[in-house]
Amino acid sequence: MKLFIFDLDGTLVNDMEFYKKAYSENLNKLVHKRAGDKGLKILNLVRQSNKNRGELALLVFDIPFSDWFDAVSDDDLSLIVPKPELVKSIENIDGIKVVFTGSSKALAEKILVRVGFDLNTFAEIIAFEKPAAIPVKLATDTIVFKYLLDEYNILPKDTFAIGDDYETDLLPAEMLGIHAIEVRRKSGMAKHFIANILDLPQYLKENFENT
(Lines give C-alpha, C1' and ligand atoms only; values in the text may rest on other atoms or scores of the structure.)
Protein backbone atom coordinates (compact mmCIF):
# COMPACT_ATOMS: atom_id res chain seq x y z
CA MET A 1 0.00 0.00 0.00
CA LYS A 2 1.15 3.53 -0.76
CA LEU A 3 0.33 6.83 0.93
CA PHE A 4 -0.19 10.12 -0.94
CA ILE A 5 -0.17 13.41 0.98
CA PHE A 6 -1.62 16.23 -1.11
CA ASP A 7 -1.35 19.94 -0.52
CA LEU A 8 -4.59 21.72 -1.46
CA ASP A 9 -4.07 25.40 -2.34
CA GLY A 10 -1.93 25.76 -5.44
CA THR A 11 -1.66 21.99 -5.90
CA LEU A 12 -5.02 20.26 -6.18
CA VAL A 13 -6.69 23.63 -6.74
CA ASN A 14 -5.03 26.54 -8.52
CA ASP A 15 -7.88 28.89 -9.44
CA MET A 16 -6.08 32.23 -9.19
CA GLU A 17 -9.20 34.44 -9.32
CA PHE A 18 -10.54 32.56 -6.31
CA TYR A 19 -7.34 32.94 -4.32
CA LYS A 20 -7.03 36.60 -5.24
CA LYS A 21 -10.55 37.41 -4.05
CA ALA A 22 -11.11 34.88 -1.28
CA TYR A 23 -7.69 34.94 0.33
CA SER A 24 -5.88 38.15 -0.65
CA GLU A 25 -8.79 40.60 -0.83
CA ASN A 26 -10.47 39.25 2.31
CA LEU A 27 -7.14 39.44 4.12
CA ASN A 28 -6.78 43.08 3.04
CA LYS A 29 -10.29 43.90 4.26
CA LEU A 30 -9.80 42.15 7.58
CA VAL A 31 -6.47 43.82 8.33
CA HIS A 32 -7.78 47.23 7.29
CA LYS A 33 -10.84 46.81 9.49
CA ARG A 34 -8.74 45.90 12.54
CA ALA A 35 -5.58 47.96 11.96
CA GLY A 36 -6.41 50.67 9.41
CA ASP A 37 -4.14 52.04 6.68
CA LYS A 38 -1.04 51.42 8.78
CA GLY A 39 -2.03 47.78 9.02
CA LEU A 40 -2.23 47.49 5.23
CA LYS A 41 1.27 48.92 4.91
CA ILE A 42 2.59 46.35 7.37
CA LEU A 43 0.67 43.59 5.57
CA ASN A 44 2.36 44.49 2.28
CA LEU A 45 5.76 44.49 3.97
CA VAL A 46 5.07 41.04 5.38
CA ARG A 47 4.11 39.81 1.91
CA GLN A 48 7.28 41.22 0.36
CA SER A 49 9.58 39.67 2.95
CA ASN A 50 7.85 36.27 3.27
CA LYS A 51 7.30 35.02 -0.28
CA ASN A 52 3.82 36.56 -0.48
CA ARG A 53 2.63 34.84 2.72
CA GLY A 54 0.62 37.83 3.88
CA GLU A 55 -1.32 35.70 6.36
CA LEU A 56 1.69 35.91 8.67
CA ALA A 57 0.62 39.51 9.32
CA LEU A 58 -2.30 38.12 11.31
CA LEU A 59 0.21 37.17 13.98
CA VAL A 60 1.47 40.75 14.09
CA PHE A 61 -2.03 42.13 14.73
CA ASP A 62 -3.21 39.25 16.93
CA ILE A 63 -6.06 38.55 14.52
CA PRO A 64 -7.36 34.95 14.72
CA PHE A 65 -6.74 32.90 11.58
CA SER A 66 -10.30 31.65 11.95
CA ASP A 67 -11.60 35.18 11.29
CA TRP A 68 -9.78 35.16 7.95
CA PHE A 69 -11.04 31.75 6.89
CA ASP A 70 -14.59 32.59 7.99
CA ALA A 71 -14.55 35.65 5.70
CA VAL A 72 -14.51 33.44 2.59
CA SER A 73 -18.05 33.40 1.22
CA ASP A 74 -20.07 31.13 -1.04
CA ASP A 75 -19.74 33.82 -3.71
CA ASP A 76 -15.97 33.47 -3.49
CA LEU A 77 -16.23 29.70 -3.86
CA SER A 78 -18.21 30.15 -7.06
CA LEU A 79 -14.95 31.26 -8.67
CA ILE A 80 -13.63 27.70 -8.40
CA VAL A 81 -14.22 25.74 -11.59
CA PRO A 82 -15.34 22.10 -11.20
CA LYS A 83 -12.59 19.77 -12.41
CA PRO A 84 -13.97 16.34 -13.33
CA GLU A 85 -10.75 15.33 -15.11
CA LEU A 86 -8.70 16.10 -11.99
CA VAL A 87 -11.15 14.28 -9.72
CA LYS A 88 -11.05 11.16 -11.89
CA SER A 89 -7.26 11.31 -12.10
CA ILE A 90 -6.75 11.50 -8.33
CA GLU A 91 -9.44 8.96 -7.52
CA ASN A 92 -7.79 6.42 -9.85
CA ILE A 93 -4.48 6.58 -7.97
CA ASP A 94 -4.22 3.38 -5.96
CA GLY A 95 -3.38 4.10 -2.34
CA ILE A 96 -4.34 6.01 0.78
CA LYS A 97 -4.91 9.68 0.00
CA VAL A 98 -4.69 12.51 2.53
CA VAL A 99 -4.99 16.30 2.23
CA PHE A 100 -2.67 18.42 4.37
CA THR A 101 -3.43 22.12 4.05
CA GLY A 102 -2.94 25.45 5.74
CA SER A 103 -6.60 26.33 5.21
CA SER A 104 -9.31 25.66 7.75
CA LYS A 105 -10.88 22.23 7.62
CA ALA A 106 -14.34 23.61 6.89
CA LEU A 107 -13.04 25.72 4.02
CA ALA A 108 -10.90 22.89 2.65
CA GLU A 109 -13.93 20.61 2.54
CA LYS A 110 -15.98 23.26 0.72
CA ILE A 111 -13.20 23.76 -1.84
CA LEU A 112 -12.85 20.02 -2.49
CA VAL A 113 -16.59 19.57 -2.89
CA ARG A 114 -16.76 22.55 -5.25
CA VAL A 115 -14.04 20.97 -7.40
CA GLY A 116 -16.11 17.79 -7.51
CA PHE A 117 -14.45 15.45 -5.03
CA ASP A 118 -16.31 13.04 -2.83
CA LEU A 119 -14.73 13.75 0.56
CA ASN A 120 -14.50 9.99 1.13
CA THR A 121 -11.75 9.98 -1.50
CA PHE A 122 -9.45 11.17 1.27
CA ALA A 123 -8.77 9.16 4.39
CA GLU A 124 -8.08 12.39 6.26
CA ILE A 125 -8.09 16.14 5.80
CA ILE A 126 -5.52 17.69 8.11
CA ALA A 127 -6.17 21.41 8.37
CA PHE A 128 -6.57 24.34 10.74
CA GLU A 129 -9.20 23.84 13.42
CA LYS A 130 -10.03 25.78 16.55
CA PRO A 131 -8.69 26.13 19.23
CA ALA A 132 -5.36 26.07 17.37
CA ALA A 133 -3.78 29.53 17.14
CA ILE A 134 -2.15 29.06 13.73
CA PRO A 135 -2.28 26.45 10.96
CA VAL A 136 0.18 23.67 11.80
CA LYS A 137 1.47 23.80 8.23
CA LEU A 138 3.07 27.19 8.88
CA ALA A 139 5.44 25.50 11.31
CA THR A 140 7.06 23.59 8.39
CA ASP A 141 7.63 20.73 10.84
CA THR A 142 7.81 16.98 10.32
CA ILE A 143 5.22 16.21 12.99
CA VAL A 144 2.21 15.72 10.68
CA PHE A 145 4.20 13.56 8.28
CA LYS A 146 5.45 11.42 11.18
CA TYR A 147 1.89 11.06 12.42
CA LEU A 148 0.66 9.91 9.00
CA LEU A 149 3.42 7.33 8.62
CA ASP A 150 2.57 5.90 12.04
CA GLU A 151 -1.21 6.15 11.65
CA TYR A 152 -1.29 4.20 8.39
CA ASN A 153 1.79 2.05 9.08
CA ILE A 154 3.42 3.07 5.81
CA LEU A 155 7.17 3.33 5.19
CA PRO A 156 8.65 6.61 3.89
CA LYS A 157 9.73 4.84 0.69
CA ASP A 158 6.07 4.07 -0.02
CA THR A 159 4.89 7.61 0.74
CA PHE A 160 4.59 10.64 -1.55
CA ALA A 161 4.15 14.30 -0.67
CA ILE A 162 2.72 16.38 -3.51
CA GLY A 163 2.77 20.18 -3.32
CA ASP A 164 3.61 23.46 -5.01
CA ASP A 165 5.66 25.02 -2.19
CA TYR A 166 8.93 23.27 -1.43
CA GLU A 167 9.49 24.69 2.04
CA THR A 168 6.05 24.02 3.50
CA ASP A 169 4.73 21.09 1.45
CA LEU A 170 7.81 19.03 0.67
CA LEU A 171 10.93 19.77 2.72
CA PRO A 172 9.57 18.36 6.02
CA ALA A 173 8.52 15.21 4.14
CA GLU A 174 11.90 14.81 2.44
CA MET A 175 13.60 15.03 5.84
CA LEU A 176 11.84 11.75 6.71
CA GLY A 177 12.72 10.03 3.43
CA ILE A 178 9.31 10.58 1.84
CA HIS A 179 9.27 11.10 -1.94
CA ALA A 180 8.58 14.78 -2.71
CA ILE A 181 6.90 15.73 -5.98
CA GLU A 182 6.76 19.42 -6.75
CA VAL A 183 3.83 20.63 -8.84
CA ARG A 184 3.63 23.67 -11.11
CA ARG A 185 6.27 25.87 -9.42
CA LYS A 186 9.77 24.47 -9.98
CA SER A 187 12.13 25.48 -7.20
CA GLY A 188 14.87 23.10 -8.30
CA MET A 189 15.05 21.77 -4.74
CA ALA A 190 12.74 18.78 -5.03
CA LYS A 191 13.97 15.63 -6.77
CA HIS A 192 10.72 15.21 -8.67
CA PHE A 193 8.68 17.77 -10.61
CA ILE A 194 5.53 17.78 -12.74
CA ALA A 195 4.17 20.89 -14.43
CA ASN A 196 0.54 19.79 -14.14
CA ILE A 197 -1.16 17.78 -11.39
CA LEU A 198 -2.97 15.84 -14.12
CA ASP A 199 0.39 14.32 -15.06
CA LEU A 200 0.77 12.72 -11.63
CA PRO A 201 -0.67 9.24 -12.38
CA GLN A 202 1.55 8.80 -15.45
CA TYR A 203 4.60 10.16 -13.61
CA LEU A 204 4.05 7.70 -10.76
CA LYS A 205 3.68 4.84 -13.22
CA GLU A 206 6.86 5.74 -15.07
CA ASN A 207 9.04 6.43 -12.04
CA PHE A 208 7.71 4.35 -9.15
CA GLU A 209 5.79 1.41 -10.57
CA ASN A 210 8.42 -1.09 -9.45
CA THR A 211 9.30 0.52 -6.10
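The values are calculated or read from the model by the stated rules, or taken from the named source; none is laboratory data. Given the structure is predicted, the values throughout are model-derived calculations rather than measurements. Cβ: placed from backbone, ideal geometry, glycine included. Neighbour counts: every protein chain shown.
Let's see how each residue does on (1) in the same structural domain as L170 (by TED's automatic domain parsing); (2) under 22 Å from T168 (Cβ atoms); (3) in contact with a strand residue (DSSP E or B) (Cβ under 8 Å, 6 or more places away or on another chain):
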position: L45; (1), (2), (3): no, yes, no
position: I63; (1), (2), (3): no, yes, no
position: E85; (1), (2), (3): yes, no, no
position: V99; (1), (2), (3): yes, yes, yes
position: V115; (1), (2), (3): yes, yes, yes
_E206 vs. criteria farther than 17 Å from D7 by Cα and in a helix (DSSP H, G or I)_ = yes
*Determine the pairs where a residue that is in a helix (DSSP H, G or I), located within the stretch 90-117, has a partner that is not aliphatic (A, V, I, L, M) with Cβ atoms under 6 Å apart, the partner being 6 or more residues away or on another chain.*
E91/T121; K105/E129; L107/F69; A108/T101; V115/K83
*In the stretch 60-85, how many residues are in a helix (DSSP H, G or I) and either surrounded by fewer than 19 Cβ atoms within 10 Å (Cβ to Cβ) or polar (S, T, N, Q) (or both)?*
10
*Look through D7, D76, D15, D62 and report the one residue that is of a type in the set (D, E) and without any contact (Cβ under 8 Å) to a residue 24 or more places away in the chain.*
D62
*Would you mind listing the strands (runs of 3 or more DSSP E) fully within the stretch 158-199 where at least 2 residues are in contact with a helix residue (DSSP H, G or I) (Cβ under 8 Å, 6 or more places away or on another chain) and over 20 Å from Y147 (Cα atoms)?*
179-183, 192-194
_I need every pair where a residue in the stretch 141-164 that is in the same structural domain as I194 (by TED's automatic domain parsing) and within 15 Å of H179 (Cβ to Cβ) has its Cβ under 9 Å from the Cβ of a residue that is modelled with pLDDT under 95 and β-branched (V, I, T), sequence separation at least 6 or different chains._
K157/T211; D158/T211
*For residues that are charged (D, E, K, R) and touching a residue at least 24 places away in the same chain (Cβ under 8 Å), tally how many sit in the stretch 18-48.*
3
*Condition test on F160, is it under 15 Å from the mean Cα position of the chain (by Cα) and more than 22 Å from E55 (Cβ to Cβ)?*
yes
